[in-house]
Amino acid sequence: QVQLVESGGGSVQAGGSLRLSCAASHYTYSTGCMAWFRQAPGKEREGVARINSDGGTVYADSVKGRFTISKDNAKSTLYLQMNNLKPEDTAMYFCAARPWLCSNRMIVGSAFPYWGQGSQVTVSS
C-alpha cells in the first residue's frame, strides 16, 4: 500500500527556514499530484501547495513567495522549502498524494486519498 512519511519539522524562530520532506513507498511520483497541507489547533485544514507530475504548482496566498514545493521522482520524495517563517505558519504539516493529476488551482484535502502522519512546525516570534 502507499506509505507517505514526513520529516524535517521542528521549532524555529520567525524568519528562519525549514525544509520538509515526504518519502513515499509504493507510489510513483512521476504521475499524479502531490500536496502539502497544514492544520493548526482550532483551525481548519489548509492546503499549502501542490505539484502536478508535469511540475505545475499552486500555492496558497498565505505562503506565496516564501514556500517552494518540489519533488525528486528518482528518490520518490516530495519537499516543501519554507523560508521567512512566521508564527502563523505554526501547524502540523501533512503530505498528501493522489494518483491522478490536479486539474484546477484548488488544494482540497478530500481530493487526496493518501496521507502521511504529519510533521510539526513551530515558529516562535
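Can you order the peptides 70-77, 35-42 by their average number of other Cβ atoms within 10 Å per residue, highest first?
35-42, 70-77
Running a GNM on the chain with Cα contacts under 10 Å, which residue among V12, V58, V48 ends up with the highest mean-square fluctuation?
In this elastic network of the chain, the residue with the biggest mean-square fluctuation among V12, V58, V48 is V12.
Distance between Cα centroids, the range 110-125 to the range 2-66: provide it in whole Å.
7 Å
For the full complex of protein chains and a 1.4 angstrom probe, list E44, E88, E6 by accessible area with the highest value first.
So, going from the largest accessible area down, we get E44, E88, E6.
I want to make sure I understand the PRE zone here: with the label point 7 angstrom from the Cα of A74 toward its beta carbon, which residues in the range 1-37 have backbone N atoms less than 17 Å away?
Backbone N within reach: 24, 29-31.
Keeping every protein chain in place, order M92, M106, M34 by accessible area at 1.4 Å, biggest value first, i.e. largest first.
M106, M92, M34
Please list the radius of gyration and Dmax for the range 70-125, considering alpha-carbon atoms only, with Å as the unit.
13.3, 39
Using the heavy atoms of the protein chains and a 1.4 angstrom probe, tell me the accessible area per residue for the chain in square angstrom.
50 Å²
What Kirkwood Rh does the chain have if only Cα atoms enter the pairwise 1/r average? Answer in Å.
Kirkwood hydrodynamic radius for the chain: 14.2 Å.
In debye, nearest 20, what is the charge dipole magnitude of the range 1-98 about its Cα centre with +1 on Lys and Arg Cβ and -1 on Asp and Glu Cβ, if you could check?
With only Lys, Arg, Asp and Glu charged at Cβ, the dipole is about 40 debye.
Out of the total accessible area of the range 30-125 (probe 1.4 Å, heavy atoms of protein only), what percent is carbon and sulfur?
49 percent
Would you tell me the accessible area of V2, worked out with a 1.4 angstrom probe on the heavy atoms of the protein chains, in Å² to the nearest 10?
About 40 Å², ignoring ligands and nucleic acids.
The values are calculated or read from the model by the stated rules, or taken from the named source; none is laboratory data. Keep in mind that this is a model prediction, so the values were computed, not measured. So basically every Cβ, Gly included, is an ideal-geometry build from the backbone, and we count neighbours across all protein chains shown. Accessible surface areas use protein heavy atoms only, side chains included; no ligands, DNA or RNA. Shrake-Rupley method; radii C 1.70, N 1.55, O 1.52, S 1.80 Å.
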